[in-house]
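Undergrad: Please find one structure pasted underneath; my questions will follow.
The values are calculated or read from the model by the stated rules, or taken from the named source; none is laboratory data. As the structure is a prediction and not an experimental result, all values here were calculated from the model. No Cβ is skipped: glycine too gets one built from the backbone with ideal geometry, and neighbour counts run over all protein chains shown. Ligands, DNA and RNA are excluded from the accessible area calculation, which covers all protein heavy atoms including side chains. Shrake-Rupley method; radii C 1.70, N 1.55, O 1.52, S 1.80 Å.
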Amino acid sequence: MKDSSIGIGLLGLGTVGTGVYKLLQENASQIFQRIGKRLEIKRILELDQKKALALEIQPEVLTKNIDEILNDPDIQIVIELLGGIEPARTYIREALYQGKHVVTANKDVVAAYGKELFEAATAGKADFYFEASVGGGIPVIHTLKENLAANKIEEVIGIVNGTTNYILSRMSEENVDFSTVLQAAQEAGYAEADPAADIEGDDAARKIAILASIAFNTRVTPANVFVQGITRITPKDINYAQELGYVIKLLAIARDHNGKIEVRVHPAFLPQHHPLAAVHGVFNAIYICGNAVGETMFYGKGAGQMPTASAVVGDLMEIVRNLESGSTGRFPCGCYLDKPILPIGKVHTKYYLRLIVKDKPGVMAGIAGVLGDHQVSIASVIQKRTLIANNEKRAEIVLITHQVLEQDMQDALAVIKGLPIVGSVENVIRVEGEPRT
Ligand code: HSE
């Protein structure tokens, strides 16, 4: 084996950057045995010297100037771990144009700017790898690009946000409301101080945009994804779900309907027997159906220092192998098709509805009539309890529909909300994961 080294520029020594540095040290001999090269971090773009001191990194390795990395001919691979859009986007693009291979964990940049970054990679004849951008340590991007490449991918459904899965899991286990669990999760460090991107579904939208682009060979950006977060889920909905044989999960769903792409993120009822229903706490999982392989599922830690570092260093080692075998550029942009994205109104799904209605004769018939007028067929109904509001008897009704066109359901709901017999539409949640009818 040749004992020469590959020069690396590391952008960012935050949580994941530190993990990458530690992993390269801790597993150095095994990594060397596997790829026959030593990986040398020649420069680190980091303003905070304390982070470097903690890792006993020589001060001269640190720089505040990106040009010292971009213009260094001894740096062949750049690892971008700054996070956020800028300056990460510009640095990645410039590195690729200059022929430096890039590894990133940055889902925001990959999801929104994948096209321009792949164009830069092609121009610079460079590799661009981003396994860690979705599902942390779970190997799903390589799996889609390589191991499942023989398949027509029909469906990708992910639990790709650990924060929301943790919150929904605890709400189910402890019968507590959303804001109580969110606060506890923040105090325990499981949720960000500003949890908006997680709880509103935007983090999951970026990840499913990346997965859908790869699975269906067409560019899907976060702007194409219908997004709804979990803030309106209540313990009552979770209890009804359990009673009806479901769990509630924040799902990221992408499907190819004969060349038209459906892509959405929202909370959903999922049958308790579905493989994704068993994914609890901060864990992530991605369920993929291909026409040859059938159902598959990939499970693991979707975030965290060392799981994410595992994916980053794996990419790094693959680029080194490509360099050694003269096969860089094996994975150019895979979005060679231009498939239309279905508007959410054109998507078919089932629904759970929870309504408070007046408890008197003809109420159920009135609601069923509106649904029927809009081609919405009811699969099951539960009338749960009677309560008194404004000196009137009220009942809580839960309905599950058959599969309907989203637009028909929204039109029906608009009418139902205005019916004098209806006190309130308490919640509307899509039902997923059952055989399509
Ligand atoms: N905030 C994300 C999550 C991890 O909760 O899963 C980073 O993508």
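Undergrad: Out of V293, V78, V109, any idea which swings most in a Gaussian network model of the chain, alpha carbons joined below 10 Å?
TA: Answer for the Gaussian network model of the chain: V293.
Undergrad: Compute the separation of the alpha-carbon centres of the range 12-71 and the range 124-192 and state it in Å as a whole number.
TA: 26 Å
Undergrad: Please give every one of the lysines within straight-line cross-link reach of K64, meaning a C-alpha to C-alpha distance under 26 Å, and leave out same-chain neighbours fewer than 8 residues apart.
TA: Qualifying lysines at Cα under 26 Å: K22, K42, K50, K51, K100, K107.
Undergrad: OK, next. So between E192 and A379, what do we pick up on full extension, going 0.36 nm a residue minus the alpha carbon distance?
TA: 63.4 nm
Undergrad: I would also like to ask the following. Suppose accessible area is computed on protein heavy atoms with a 1.4 Å probe; arrange S169, S4 from highest to lowest.
TA: In descending accessible area the options line up as S4, S169.
Undergrad: Skipping prolines and chain starts, which residues have an amide H placed within reach, meaning under 5 Å, of the one on G281, given they are 5 or more residues away or on another chain?
TA: Correct list: S169.
Undergrad: Report the one residue of L387, V376, Q305 whose Cα lies farthest in the direction of the positive end of the charge dipole of the range 302-437 (charges on C-beta: Lys and Arg +1, Asp and Glu -1; origin at the Cα centre).
TA: Among L387, V376, Q305, the one farthest towards the positive end of the dipole of the range 302-437 is L387.
Undergrad: Hey, what's the chain come to in accessible area per residue, 1.4 Å probe, Å²?
TA: Computed with neighbouring chains in place, this is 42 Å² per residue.
Undergrad: Of the accessible area of the chain, with the probe set at 1.4 angstrom, what percent is carbon plus sulfur?
TA: After summing per-atom areas, the C and S share lands at 49 percent.
Undergrad: While we're looking at this one, here's another question. With axes computed from alpha carbons, what is the tilt in degrees of helix 15-26 against the longest principal axis of the chain, rounded to the nearest 10 within 0 to 90?
TA: Orientation of helix 15-26: about 50 degrees from the principal axis.
Undergrad: What spacing in nm lies between the two simple spin-label points modelled at T90 and K360, each 7 Å away from Cα in the Cβ direction?
TA: Placing both labels 7 Å along Cα→Cβ, they lie 6.7 nm apart.
Undergrad: On to the next question. How large is the dipole of the chain about the Cα centre if only Lys and Arg carry +1 and Asp and Glu carry -1, each at its Cβ, rounded to the nearest 20 debye?
TA: 800 debye
Undergrad: Counting Lys and Arg as +1 and Asp and Glu as -1, each charge on the Cβ, what is the dipole of the range 344-431 about the Cα centre in debye, to the nearest 20?
TA: The calculation lands at about 260 debye.
Undergrad: State the answer as a single residue: which of Q403, V422, I356 lies farthest towards the positive end of the charge dipole of the range 344-431, with beta carbon charges of +1 for Lys and Arg and -1 for Asp and Glu, about the Cα centre.
TA: Checked the options; the winner is I356.
Undergrad: Where does each of H274, H348 land when they are ordered by accessible area, with a 1.4 Å probe and the largest first?
TA: Result of the area sort, largest leading: H348, H274.
Undergrad: I've got another one for you. Rounding to the nearest 20 debye, state how big the charge dipole of the range 141-300 is about its Cα centre with +1 on each Lys and Arg Cβ and -1 on each Asp and Glu Cβ.
TA: I would put it at about 540 debye.
Undergrad: Under Stokes-Einstein, with the Kirkwood radius over Cα pairs standing in for Rh, what whole-number D in µm²/s applies to the chain at 20 °C and 1.002 mPa s?
TA: 91 µm²/s
Undergrad: Let me ask another. Per 10 Å bin, what percent of the C-alpha pairs of the range 141-300 does each bin hold, from zero upward?
TA: Final binned percentages: 11, 40, 33, 14, 2.
Undergrad: Kirkwood hydrodynamic radius of the range 190-231 from all distinct Cα pairs, in Å?
TA: 10.9 Å
Undergrad: If C289, C333 are ordered by their accessible area, calculated over protein heavy atoms with a 1.4 Å probe, which sequence runs from highest to lowest?
TA: Reading off the accessible areas and sorting them downward yields C333, C289.
Undergrad: Comparing G137, G345, G201, which has the greatest mean-square fluctuation in the GNM of the chain with Cα pairs linked when under 10 Å apart?
TA: Comparing G137, G345, G201 in the GNM, the peak value goes to G345.
Undergrad: What ratio of Cα Rg to 2.2 N^0.38 Å holds for the range 344-431?
TA: 1.04
Undergrad: Continuing with the same structure: Past the 30 Å Cα-Cα mark, which pairs from K125/K346; K236/K358; K236/K350; K115/K346?
TA: Among K125/K346; K236/K358; K236/K350; K115/K346, the Cα-Cα distance tops 30 Å for K125/K346.
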